[in-house]
Amino acid sequence: MAKNTEVSAAQSKFHVGDEVSFKIEKQTFKGFIDKSYTNSFLITFESDDPEIIDKYHKKVVINNRHLKLIKAAPKIKDDDNDKENKDKSTKPSKAAPKKSKSAKK
């Protein structure tokens, strides 16, 4: 069976590095998205509760419907690099100048 790699509309709101809030065992936590799955995310979070730390080891997988976005991760734009690469590929190559027929006598 093939894996479903399409991103759902609910999941497209979140990206790796985003800060999110969620609830575990009736407590609200804040964390950062480390990895995305088909319908959920791997979240790294901090807690002062030793039972929570022992049980979850500071990582948890949460369904995307149970997440609230706090702060989006900064997006890196590679437009400058793309423009330079396009400019280099569209410039004509320097070919040897052609000799004109009128120069021969």
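Any read-out appearing in this document is the output of simple, stated calculations on the displayed coordinates, not a laboratory observation. Nothing here was measured: the structure is a model prediction, and the numbers come from that model. Don't worry about glycine lacking a Cβ; one is built from the backbone with ideal geometry, like all the others, and counts go over all protein chains shown.
Give me the count of lysine pairs in region 7-73 whose alpha carbons sit under 12 angstrom apart, restricted to pairs 8 or more positions apart or on different chains.
Number of lysine pairs found: 8.
Please give the per residue volume of the convex hull enclosing the alpha carbon atoms of region 7-73, rounded to a whole number of Å³.
74 Å³
Along the charge dipole of region 7-73, Cβ charges K/R +1 and D/E -1, which of GLN27, HIS57, ALA73 sits furthest on the positive end?
ALA73
If R0 is 30 Å, what FRET efficiency do you get for LYS75 and GLU46 from their C-beta distance, rounded to 0.05?
Values: r = 25 Å, r/R0 = 0.82.
Given R0 = 30 Å and the Cβ-Cβ separation, E is 0.75.
Ordered by residue, what ³J(HN,Hα) values in Hz, to whole numbers, does region 27-34 give under the Karplus form 6.51 cos²θ - 1.76 cosθ + 1.60, where θ = phi - 60° and Gly and Pro are x?
Along region 27-34, the couplings run 10, 8, 10, 10, x, 10, 6, 9 Hz.
Enumerate by residue number the GluC sites (Glu not before Pro) in region 25-64 meeting two conditions: DSSP loop (anything except H, G, I, E, B), and at most 14 other Cβ atoms within 10 Å of the site's Cβ. Could the numbers behind the result be given before it?
Numbers: sites: GLU25, GLU46, GLU51; in loops: GLU25, GLU46.
For GluC sites (Glu not before Pro) across region 25-64 that sit outside H, G, I, E and B with at most 14 neighbouring Cβ atoms in 10 Å, the list reads GLU25, GLU46.
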